[in-house]
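A quick write-up on the structure given underneath.
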Amino acid sequence: MLGNNVMGILFAYVNEDRVRDLTSVRVMASIPFGGRYRLVDFPLSNMVNSGINKVGIITEENYQSLMDHLGSGKSWDLSRKREGLYLLPPFGKSNARSDGKIESLDSIRTFLNGSQEEYVILSNCDCVANVNYRAALEQHEATKADITILYRRGTSPDVNRNNIYTLDPNGRIIEMLVHRGSEQDVNYGMGSCIIGRELLIKLVDDCMARNEYDFDKNLIQKSVPELNVMGFEFTGTAYTITSFEAYFHANMQLMDPKVRAELFDPNRPIYTKVRDDMPSKYGLDSSVSNSLVADGCVIEGEIENCVLFRGVKIGRGAKVKNCVLMQDTEVGENSRLDFVVADKNVRFSPESVMTGTSGYPVFVEKYGVV
Amino acid sequence: MLPKQEVVAMLLAGGRGSRLGVLTNKLAKPAVPFGGRYRIIDFPLSNCVNSGIETVGVLTQYQPLELNEYIGSGQPWDLDSMNGGVHILQPYERSGGSDWFKGTANAIYQNINFISRYNPEYVVVLSGDHIYKMDYSKMIDFHKANDAACTIAVYEVPLSEASRFGILNTNADGSIYEFDEKPKVPKSNLASMGIYVFTWEKLRKYLEDDEKDPNSSNDFGKNVLPNMLNHGERMFAYRFEGYWKDVGTIDSLWDANMDMLNPKAGLDLSRDDWRIYSRTPVMPPHYVAKGAKVQNSLITEGCNVYGDLEFSVLFQGVYVAPGADVSYSIVMPGAVIEEGAKVQYAIVAENAVVKKGAVVGKDPAEMENRDDWGVAVVGPDAVVPEGGFVAPKEMLDAEEAKG
């Protein structure tokens, strides 16, 4: 069993400055997504579905909502006597240089040293995708790689913050550019890689000893000419949450049945915390079109092109279009909302009117009252 | 010796439920899906944990596989606890031989050892075919205050219907003086709900006596309770007010699901203070497409709705194709309603398929003779062929359809 020889490390916080609105009250990993999920559910379920049963999650400040979501790890089958889920306590990221990955890995040295697994999969929590790590691991072993980087091919999701790779015909990475963007098709990183556990410890040690704290530049890029660094192309659907607009559009993509079939493949389900809501209820005068609705909603008004999280209530006569409404948000009677993203527990009073645009959806913060 | 538990609940889940026909061919009645994301047994199990009862024995006998798998470790109900928790109790072989559960009382009798291990003061006996939310702790308090040997929960039914029920006749203080099974001329309208609280010491004695009686059919209602009354034990009726429905028949099962859509029916499962827990598969939120029409319906996660839906309940993973029309119906997990199919006043069971243009059920208003009307049922895994028809009251069985 390949999976038993592999452990996962998730960086819960990386890149959260890109979506400040959504991360002011939580870490990147616990951003709600797709009606009933949090971003962490994707990499975590991918690891579990690939047979990995030991995952450490590195957090920083603001991790209360993530802890609440993960609990003991039961929902991912990671509440175990042997291995399971490890929440690795926050390190002082505010003092950290760069994205703090090197320092955080250094701070969990005892966890890494005490583990028996041969390989580690490192992943950010900012990418929505259903990835089968098994295939990547098989390639990693077959090519005797030191490091395997997961990448996609296409126009870069970011203007200037991607890692871009050049591969030789054998799939070996021969050049890596950091903090770049491109209009043309390129190979860009998905924030995930496979590396030997002992090699990782050694490379982190080297970086710390040299006062080098940039994971991409000082650890990966530096290894490219020196080690066997391979690329593994992921060809499935993936959405990297690089900005608030990207977050909004990734949610809207879920209306496409092909996207849902791929992301929520029944053979590799995306697990999440169970809430035991009753099924959603549609009233007598409701109207619903092209929308994704989680359990526990009560819809008396009209919705079109919307993602509704658990427990959302839409009042009579309300018209809600192109909106992402998170858990327990309530829209009062006769309100008009268009291109609005409402965080959890927002109250829209009756007759509220709020309109954004496709490029600039309006955001209403948690517990906001409109 | 296990830590003492003040109360142990015993849930009678062994009945076949033959009045549910094809729905219980391969499934014990308590495992029948209900209300979009539940199964019937979720109600008594959730009532137990919400009432603070954390030791529950579930007595199974008929087709236990799916029920056992569903209950599993009891984790969805928080019943995977260190002391107590949920235990599945099946008939087993003893040194003196083995026996199926002969009746409700015998089922408990055969598990006296299970109950004794917890040394409880009280035992609550529940059935697995009722939809209701009830705080058993209040009933136990009532039982204690009356210093009763047995307390029976009762529900007020219209006097005109009382002759269909087991009726309890009581004194002014609520004490029971007579059992009247389906009386022709009822003296009261208090129907037994099949929910009992016993003082364990008393119950144990009467179960042992009952077992020694060769003429007994080992049933609570017929034997044990009347016997206790004849011996002058203190027995009380505890009035329950609120929603309660026995879902032992196709009609009542359909009715109770429809009650979920009627705010006036009193079956509100949205309250945080008394949640009904269930074990559910992991599925994405449900999707309603452009062009679909949804009116007064319940939809659960994993559904894809492209057609029309009215006064209906959809369970997990149901697919309603474009141009399909579903009204006044219950569509259970994984069922598929294809293009142009019409499903009305029907129950479509798990993983059944209604093919293109097929018709299931009929509007009672369109019946020539109203007495011929009833809910149409498509059994689990059954397929209604293209252009086929399932008549009111008919039950399509997957095995029979295969010939």
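Here are a few things to note about the model shown:
- Charge dipole of the protein assembly as shown about the Cα centre (unit charges at C-beta), most positive-ward option of B:270, B:3, B:91: B:3
- Tensor-based shape of the stretch A:93-156 (alpha-carbon gyration tensor, a/c under 1.5 rounded, otherwise prolate or oblate): oblate
- Amide H to amide H distances under 5 Å link residue B:88 with B:58, where only residues 5 or more positions off or on other chains count and H is placed in the peptide plane.
- For residue B:137, the solvent-accessible surface with a 1.4 Å probe is about 40 Å², rounded to the nearest 10.
- Counting only DSSP beta bridges whose two residues both lie in chain B, roughly 30 percent are antiparallel.
- Across B:205/B:245; B:133/B:355; A:144/A:273; B:29/B:144; B:4/B:138, pairs whose alpha-carbon gap is larger than 30 Å: B:205/B:245; B:133/B:355; A:144/A:273; B:29/B:144
- Rounded tilt (10° steps) of B:136-145 against the dominant C-alpha axis of chain B: 20 degrees
- In the stretch A:12-59, comparing the full protein assembly with the chain on its own, the residues that lose 10 Å² or more of accessible surface at a 1.4 Å probe are A:36, A:37.
- Global geometry of the stretch A:281-364, whether rounded, prolate or oblate, following the gyration tensor of its Cα atoms and the 1.5 cut on a/c: rounded
- In chain A, taking the dipole from charged Cβ atoms about the Cα centre, the farthest positive-side position among A:200, A:119, A:73 is held by A:73.
- Candidates B:269, B:168, B:203, ranked by Gaussian network fluctuation over chain B, Cα under 10 Å, top entry: B:269
- Rounded to the nearest 500, the 222 nm mean residue ellipticity of chain A from helices alone is -5500 deg cm²/dmol, with -39,500 (n - 2.57) taken per DSSP H run of at least 4 residues.
- Charge dipole magnitude, Cβ of K and R +1, D and E -1 - the protein assembly as shown, Cα centre, debye nearest 20: 580 debye
- Listed residues B:287, B:171, A:237: farthest to the positive end of the dipole of the protein assembly as shown (Cβ charges): A:237
- Chain B packed on chain A takes about 2800 Å² of accessible surface away from a 1.4 Å probe, both sides summed.
- The stretch A:12-51 and the stretch A:177-245: distance between their alpha carbon centers, rounded to Å: 19 Å
- Estimated dipole of chain B in Debye, rounded to 20 [Cβ of Lys and Arg +1, of Asp and Glu -1, Cα centre]: 240 debye
- Rolling a 1.4 Å probe across the protein heavy atoms gives the stretch A:2-263 an accessible surface of 39 Å² per residue.
- Rolling a 1.4 Å probe over the protein heavy atoms gives the stretch A:281-364 an accessible area of 33 Å² per residue.
- The stretch B:257-329: C-alpha gyration tensor shape, a/c 1.5 cut-off, then a/b vs b/c: oblate
- When +1 charges are put on Lys and Arg Cβ atoms and -1 charges on Asp and Glu Cβ atoms, the dipole computed for the stretch A:281-364 relative to its Cα centre reaches about 80 debye.
- Here the accessible area of the protein assembly as shown is 46 percent carbon and sulfur, with a 1.4 angstrom probe and all protein chains present.
- Relative contact order, percent, the stretch A:2-263 [alpha-carbon distance under 8 Å, six or more residues apart]: 23 percent
- Computed on chain B, with alpha-carbon pairs under 8 angstrom and 6+ residues apart, the relative contact order is 13 percent.
- Average accessible surface area per residue within the stretch B:143-205, 1.4 Å rolling probe, Å²: 49 Å²
- Antiparallel DSSP beta bridges within the stretch A:2-263, as percent of all bridges there, nearest 5: 55 percent
- Within the protein assembly as shown, DSSP assigns beta bridges of which about 35% are antiparallel (rounded to the nearest 5).
- Within the stretch A:272-288, the residues that become at least 40 Å² less accessible when every protein chain is included than when their own chain is isolated (1.4 Å probe; DNA, RNA and ligands ignored) are A:276, A:278, A:279, A:281, A:282, A:284, A:288.
The values are calculated or read from the model by the stated rules, or taken from the named source; none is laboratory data. What you see is a predicted model, and the numbers here were worked out from it, not measured in a lab. Quick reminder, even Gly has a Cβ in these numbers, built from the backbone with ideal geometry, and neighbours come from all protein chains shown. Heavy atoms of the whole protein, side chains included, go into the accessibility calculation; ligands, DNA and RNA do not. Shrake-Rupley method; radii C 1.70, N 1.55, O 1.52, S 1.80 Å.
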